[in-house]
1. Out of Lys13, Lys47, which single residue is surrounded by fewer than 15 Cβ atoms within 10 Å (Cβ to Cβ) and closer than 17 Å to Arg77 by Cβ?
2. Six or more apart or on different chains, Cβ atoms under 6 Å: show the pairs whose first residue is in region 2-17 and under 17 Å from Thr114 (Cβ atoms) and whose second is acidic (Asp, Glu).
3. So which residues in region 108-133 are over 20 Å from Leu16 (Cβ atoms), hydrophobic (A, V, I, L, M, F, W, C) and buried (at least 17 other Cβ atoms within 10 Å of the Cβ), if there are any at all?
4. May I ask you to list the residues in region 97-133 that are within 16 Å of Trp70 (Cβ to Cβ), free of Cβ contacts under 8 Å to residues at least 60 places away in the same chain and β-branched (Val, Ile, Thr)?
5. Taking the condition of a type outside the set (Asp, Glu) and on the phi > 0 side of the Ramachandran plot, does Gly67 pass?
Amino acid sequence: MNRQMKTDRSLWKVILLNIITCGIYGIVFYTSIADDINEIARNDGKKTMHYCLLYFVIIPITFGIGGIVWCHNISERIGAELARRGISYSFGASTFWLWAVLGSFIFVGPLVYTAKLITAMNLLSESYNANGY
């Protein structure tokens, strides 16, 4: 039996809990995203690096570049899984570059990216819960 994935992620919950926990919830949030996409898309031949390893080891060693590569790759993987499952929602690496990177110049861009990431993962989780992989 497949474990049931969370389908109730929300941007406001992430923002509020991140503020209350001084950023610790952000690590928990991205760890759960990585774990869930590894389970949902386990047949695509890829594996997303655990977020704690990325956050505490890779990002400091690579001066942040590892985090950018990780976000690009997970966004691309989520977009590919949405397409494979026939879910009509536009998300992918271009979403990361447009909203999280370029959108940071207008401050709200990373929030838009996070909201789109949450929506994409909720849709994938609903599909996984209903149909398996």
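1. Criteria check complete, one pass: Lys47.
2. These pairs meet every condition: Thr7/Glu126.
3. Ala120, Leu123, Leu124
4. If the condition is that a residue be within 16 Å of Trp70 (Cβ to Cβ), free of Cβ contacts under 8 Å to residues at least 60 places away in the same chain and β-branched (Val, Ile, Thr), then Val101 is the only one that fits.
5. Values: of a type outside the set (Asp, Glu): yes; on the phi > 0 side of the Ramachandran plot: no.
No; evaluated as a whole, the condition is false for this residue.
Listed here are the residues, each with its yes/no results for (1) surrounded by 15 or more Cβ atoms within 10 Å (Cβ to Cβ); (2) without any contact (Cβ under 8 Å) to a residue 60 or more places away in the chain; (3) not aliphatic (A, V, I, L, M).
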| position | (1), (2), (3) |
| --- | --- |
| Cys22 | no, yes, yes |
| Phe29 | yes, yes, yes |
| Asn38 | yes, yes, yes |
| Tyr51 | yes, yes, yes |
| Glu76 | yes, yes, yes |
| Leu82 | yes, yes, no |
| Ser88 | no, yes, yes |
| Thr95 | yes, yes, yes |
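Values quoted throughout were computed directly from the atomic coordinates according to the rules given, and no laboratory measurement underlies them. Because the structure is predicted, anything quoted here is derived from the model rather than measured. For neighbour counting, all protein chains shown are included, and Cβ atoms are generated from backbone atoms with ideal geometry for every residue, glycine included.
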